[in-house]
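Asks: After the structure tokens below, expect a handful of questions from me.
The values are calculated or read from the model by the stated rules, or taken from the named source; none is laboratory data. Computed from a predicted model, the values in this text were never measured in an experiment. Methodologically, a virtual Cβ is constructed for each residue, glycine included, from the backbone with ideal geometry; neighbour enumeration extends over all protein chains shown. What goes into the accessible areas is simple: the full protein's heavy atoms, side chains included, and nothing from ligands, DNA or RNA. Shrake-Rupley method; radii C 1.70, N 1.55, O 1.52, S 1.80 Å.
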Amino acid sequence: MMKPLLNTCAALLLVSIALVTTAQAKMAHGNHKGSNKSLLAECLKPAALPSPNCGRVPTAVFGPKGKLYVVFSQHGHIYLTTSDDKGKTFQSSIVVNRKPERIYDDGENRPKIVLGKSGEIYVSWTHKTPGRYSGDVRFSRSLDGGITFNTPITVNSDRAIISHRFESMSLDEKGRVYLIWIDKRDKIKAKENQQKYAGVSLYYAVSDNSGESFRPNQKLVDHSCECCRIAVDQDSAGRVVALWRHVYPDNIRDHAIAYVSPENSPIQGMPIRATDDAWQIDGCPHHGPDLSIDSENRAHLAWFTQGEKNKGLMYGRFDFKNEKTSLVHSIDNSPSASRPQVQVMGDRIYLMWKKLNGEQIDLLISRSSDEGKNWSKPEMIATTKNGSDHPDWLVHDDELYASWHTQSEGLRLISVTE
Amino acid sequence: MIKKSVIALTLLVVCSTSFAENTLKPFYSGSLAQIEKARKGQAFVVVLWSIDCPPCLKELALLQQLKDQFSEVGLVLIAADNAEYTDSAQALLTEFKLEKMDNWIFADSTPERLRYSIDPAWYGELPRAYFYDKSHQRFSHSGSLKKAQLQKWLLATQ
């Protein structure tokens, strides 16, 4: 009696699955709803090779002679490719992690690439481990210009199946490699001791042997927000600075800034509060800040808030000398504006962000030629009708490009230097 | 013969019901209007959440605690995740025993469009709740809901 029942159920289920599959197929081809997969013809072919256009969250950097290096995620692999014509065409992709793994690849989580002075290629990403919100920080390097990559290593020494995610990477003046990430180990420890712990912590690790190994993990700070990317940059002396969304008392989620010490001891007086919007929320903005430091070591900041004092996308200039952020102004307070990026280029500062414009998403920029006091009217530099990744800046000598990956257009480089 | 038909019919109902439970409905630009229309004259809460938002889990746990106090149409859950994460969203809803609620998941490659269709003034922060009264006047709340706050609303409306 049971068997026929089961068969009937299975048959019904199969019919249902077939219907759903058809519906999903229609959905994918009909209106592209609910998927971030590329819509380019070259990527829809079953034999499509890995490429920055077809893969997810490509992240690029210019190397010597304007050669473009791009890492991206596809089918459980991080790939590296290069371009000699500023992204118009790409070389065949090289796999960084031979063994496929689950990878966080959704914009706020993307692979990182940094080039060393002697041609080293450093790549990092976050591997999704089985638990909820859990992950490990992964790192690999190439010393032969990207022909081969070392077997990836896990950088977080805590191996519990918890969050070690949202890694950011930077070099310092001595070529040391820094990885900074969001880490839940202290929150777990506090929980075990039945203590409250707001947010999570930031940990980092430094390599002083060109990424062969990392020194022991260090804590940068307690109580960071748990789901926003960390912005990093070097100051004029090549020291590493990080900016992140912090959890201040009463769940105020404004930003903190700090120098990151290469030594095994924290830097006195760090971190410093960099934004004061009074955004009180027991929630997840999933919207990290951006940072660019000028030749006088002033940190130009771009961030998103919905605080009592400010709302929307904001710009401000933080000065380490007086520990104050000045020139705070609204970039765009529209709820559909997101992902502000800031870049200093000599005596100019550029802002870039995304904004919904009816049915399409526009990429906008604004410039300041007086150190952030006055800003030009927003100018649209690109648009797209379907899904789009976070935009990013790319610098090649004195040329500035926006890089933007969109479902319909693939990876685009848009020149913004006048 | 009749018995067989009854069994078949029951099976059909059982199988299709259990299948329906595993289906988050795709949420499009017009979906909120549809949700509102189906609840004409009734008060309800819309809760937006995401699989990648730790405070949203607290929200789901609270809703699990109070779910029996909602009217049949009193609670709508919308996962603001891309539809490709349907399986993960479904697993969480099942874990929190919320799978039988009116569940939706964002189905647009440009989530900004859906956010705008729900509320042009919403910046996308999660969790986010909308409390509708019987005449569908609504107010919003960002961040985790407090138990007392939700209970008060339930007492007043459900």
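Asks: Only residues that are modelled with pLDDT under 95 and among the polar types (S, T, N, Q): list them for the stretch A:366-387, please.
Replies: Hit for the stretch A:366-387 is A:Asn386, nothing else.
Asks: Could you grab me the full set of residues in the stretch B:102-113 that are at pLDDT below 95 and more than 10 Å from chain A (Cβ to nearest Cβ)?
Replies: Result: no residue meets the conditions.
Asks: Residues being more than 25 Å from A:Ser38 (Cβ to Cβ) and in contact (Cβ under 8 Å) with a residue 60 or more places away in the chain: count how many of those fall in the stretch B:95-114.
Replies: Restricting attention to the stretch B:95-114, the residues satisfying the condition of being more than 25 Å from A:Ser38 (Cβ to Cβ) are B:95-104.
Pick out the ones that are also in contact (Cβ under 8 Å) with a residue 60 or more places away in the chain and you get B:99-100, B:102-104.
Number satisfying all stated conditions: 5.
Asks: Taking into account only those residues within the stretch A:323-374 that are open to solvent by less than 20 Å² (accessible area, probe 1.4 Å) and not in a strand (DSSP E or B), which is nearest to the other protein chains (Cβ to nearest Cβ)?
Replies: Per the stated criteria, the residue is A:Ser336.
Asks: While we're looking at this one, here's another question. Scan the stretch A:138-161 and tell me whether some residue there is within 14 Å of another protein chain (Cβ to nearest Cβ) and aliphatic (A, V, I, L, M). Explain how you work it out, then say what you get.
Replies: Step one: of the stretch A:138-161, the residues within 14 Å of another protein chain (Cβ to nearest Cβ) are none.
No, the stretch A:138-161 contains no residue that is within 14 Å of another protein chain (Cβ to nearest Cβ) and aliphatic (A, V, I, L, M).
Asks: Can you pull out the residues in the stretch B:33-66 that are within 24 Å of A:Ile281 (Cβ to Cβ) and under 11 Å from the mean Cα position of the chain (by Cα)?
Replies: The initial filter retains those residues of the stretch B:33-66 that are within 24 Å of A:Ile281 (Cβ to Cβ), namely B:44-66.
The answer is B:Phe44, B:Val45, B:Val46, B:Val47, B:Leu48, B:Trp49, B:Leu60, B:Leu63.
Asks: I'd like the residue in the stretch A:107-123 that is under 11 Å from the mean Cα position of the chain (by Cα) and open to solvent by 20 Å² or more (accessible area, probe 1.4 Å) and, out of all such residues, is farthest from B:Thr110 (Cα to Cα).
Replies: Of everything passing the filter in the stretch A:107-123, A:Lys112 is farthest from B:Thr110 (Cα to Cα).
Asks: Please pick out the residue among A:Ser93, A:Ser83, A:Ser73 that is farther than 25 Å from A:Cys227 by Cβ, touching a strand residue (DSSP E or B) at 6+ places or on another chain (Cβ under 6 Å) and open to solvent by less than 10 Å² (accessible area, probe 1.4 Å). So that I can check it myself, show each step before the final result.
Replies: On the way: A:Ser93 fails: open to solvent by less than 10 Å² (accessible area, probe 1.4 Å); A:Ser73 fails: farther than 25 Å from A:Cys227 by Cβ.
Result of the check over A:Ser93, A:Ser83, A:Ser73: A:Ser83.
Asks: Out of all the residues in the stretch A:220-235, is one or more over 18 Å from A:Arg165 (Cα atoms), outside any loop (DSSP other than H, G, I, E, B), within 14 Å of chain B (Cβ to nearest Cβ) and not small (Gly, Ala, Ser)?
Replies: Narrowing the stretch A:220-235 to residues over 18 Å from A:Arg165 (Cα atoms): A:233-235.
Still in the list and also outside any loop (DSSP other than H, G, I, E, B): A:233-234.
From what is left, the residues that are within 14 Å of chain B (Cβ to nearest Cβ) are none.
Within the stretch A:220-235, none of the residues are over 18 Å from A:Arg165 (Cα atoms), outside any loop (DSSP other than H, G, I, E, B), within 14 Å of chain B (Cβ to nearest Cβ) and not small (Gly, Ala, Ser).
Asks: Further, regarding this structure: Out of everything in the stretch A:143-178 that is polar (S, T, N, Q) and within 21 Å of the chain's Cα centre (by Cα), what residue ends up being nearest to A:Pro111 (Cα to Cα)? Give the steps one after another, and end with the answer.
Replies: Step one: of the stretch A:143-178, the residues polar (S, T, N, Q) are A:148, A:150-151, A:154, A:156-157, A:163, A:168, A:170.
Still in the running and within 21 Å of the chain's Cα centre (by Cα): A:154, A:156, A:163, A:168, A:170.
On the way: A:Thr154: 14, A:Asn156: 16, A:Ser163: 17, A:Ser168: 9, A:Ser170: 13 Å.
Step by step, filter the stretch A:143-178, then rank; the result is A:Ser168.
Asks: Condition first: farther than 21 Å from A:His390 by Cβ, within 13 Å of chain B (Cβ to nearest Cβ) and either surrounded by fewer than 23 Cβ atoms within 10 Å (Cβ to Cβ) or of a type in the set (Val, Ile, Thr) (or both). Can you find one or more residues in the stretch A:297-308 that meet it? Outline the logic, then answer.
Replies: At the first step, the residues of the stretch A:297-308 found to be farther than 21 Å from A:His390 by Cβ are A:297-298, A:307-308.
Now drop any that are not within 13 Å of chain B (Cβ to nearest Cβ), which leaves A:307-308.
Filter once more, keeping what is either surrounded by fewer than 23 Cβ atoms within 10 Å (Cβ to Cβ) or of a type in the set (Val, Ile, Thr) (or both): A:307-308.
The answer is yes, given that some residue of the stretch A:297-308 is farther than 21 Å from A:His390 by Cβ, within 13 Å of chain B (Cβ to nearest Cβ) and either surrounded by fewer than 23 Cβ atoms within 10 Å (Cβ to Cβ) or of a type in the set (Val, Ile, Thr) (or both).
Asks: Let me ask another. Among the numbered conditions (1) more than 10 Å from chain A (Cβ to nearest Cβ); (2) under 30 Å from A:Ser38 (Cα atoms); (3) under 14 Å from the mean Cα position of the chain (by Cα), tell me where B:Ser117 comes up short.
Replies: Result: B:Ser117 fails condition (3) only.
Asks: Is it fair to say A:Thr59 is free of Cβ contacts under 8 Å to residues at least 40 places away in the same chain, closer than 15 Å to A:Leu411 by Cβ and in a strand (DSSP E or B)?
Replies: Answer is no for this residue.
Asks: Please identify the pairs in which a residue from the stretch B:131-142 that is within 14 Å of chain A (Cβ to nearest Cβ) has its Cβ atom under 6 Å from the Cβ atom of a residue that is modelled with pLDDT of 95 or more and surrounded by 14 or more Cβ atoms within 10 Å (Cβ to Cβ), counting only partners at least 6 apart or on another chain.
Replies: B:Ser140/B:Tyr130; B:His141/B:Ala129; B:Ser142/B:Arg128
Asks: Taking A:Asp370 and the conditions (1) within 25 Å of B:Glu112 (Cβ to Cβ); (2) out of contact with any Ser or Thr (no Cβ under 9 Å at 6 or more places or on another chain), which numbered condition does it fall short on, given that it satisfies the others?
Replies: Condition not satisfied by A:Asp370: (1).
Asks: Looking only at the stretch B:38-96, count how many residues are farther than 25 Å from B:Arg113 by Cα, touching a Ser or Thr at 6+ places or on another chain (Cβ under 9 Å) and β-branched (Val, Ile, Thr).
Replies: 0
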